[in-house]
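Visitor: One structure coming up, written as structure tokens, with questions to follow.
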Amino acid sequence: MEDILSRAKKAAEEENEAMKTCYFCQGKVVNKRIRHVHHWGDEIVIFENAPAEVCTQCGEVYLSPEMLEMMDKVTLERTPPDKSIAVPVFSLP
């Protein structure tokens, strides 16, 4: 997993130069660490401190393909999480 994470970090750094404006609103895009909610079938997995590029104007989040690959791998391999939380679910009428 460390190899994938190091590739994801390197790719994010390289993409930093390429991604300066938001595709949707042309706002400024900056590097940030975010909490990402990852949907996998009926499961929800939360990744904290994920490197991403985020538009300062509209909030659009861009994750590198390597980061998404790492998240899929962690989820698929059922890597033990750092912690677990309970999430309330509400059905709306």
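Visitor: So what is the 222 nm mean residue ellipticity for the chain from helices alone, if each DSSP H run of at least 4 adds -39500 (n - 2.57) and you divide by all residues, rounding to the nearest 500 deg cm²/dmol?
Guide: Rounded to the nearest 500, it is -10000 deg cm²/dmol.
Visitor: Between the helical axis of 2-18 and the dominant principal axis of the chain, each derived from Cα atoms, what acute angle in degrees is found, rounded to the nearest 10?
Guide: Between the helix axis and the principal axis of the chain, the angle is about 40 degrees.
Visitor: While we're looking at this one, here's another question. Which value, in debye to the nearest 20, describes the size of the charge dipole of segment 33-85 about its Cα centre when Lys and Arg Cβ atoms bear +1, Asp and Glu Cβ atoms bear -1, and nothing else is charged?
Guide: Approximately 200 debye in magnitude.
Visitor: Roughly what angle does helix 65-76 make with the longest principal axis of the chain, taking Cα atoms, 0 to 90 degrees, to the nearest 10?
Guide: Taking Cα atoms only, the helix is inclined about 10 degrees.
Visitor: Moving on to the next point. Which value, in debye to the nearest 20, describes the size of the charge dipole of the chain about its Cα centre when Lys and Arg Cβ atoms bear +1, Asp and Glu Cβ atoms bear -1, and nothing else is charged?
Guide: Here the chain has a charge dipole of around 340 debye.
Visitor: I've got another one for you. Based on the mean of other Cβ atoms within 10 Å per residue, sort peptides 23-33, 82-92, 61-71, 43-53 so the most packed one is first.
Guide: My ranking of the peptides, most packed first, is 61-71, 43-53, 23-33, 82-92.
Visitor: What percent of all Cα-Cα pairs in the chain falls in each 10 Å bin, counting up from 0?
Guide: Reading the bins upward from 0: 15, 42, 30, 13, 1.
Visitor: On to the next question. When only Cα pairs under 8 Å and 6 or more residues apart are kept, what is the percent relative contact order across the chain?
Guide: 28 percent
Visitor: For Lys83, list the lysines whose Cα falls under 20 Å from its own Cα; do not include residues on the same chain fewer than 8 positions away.
Guide: Output for Lys83: Lys73.
All of the numbers you see were taken from the coordinates with simple rules; none came from a lab. Keep in mind that what you see is a predicted model, and the values were worked out from it rather than measured. Reconstructed Cβ throughout: ideal geometry from the backbone, glycine too, with neighbour counts over all protein chains shown.
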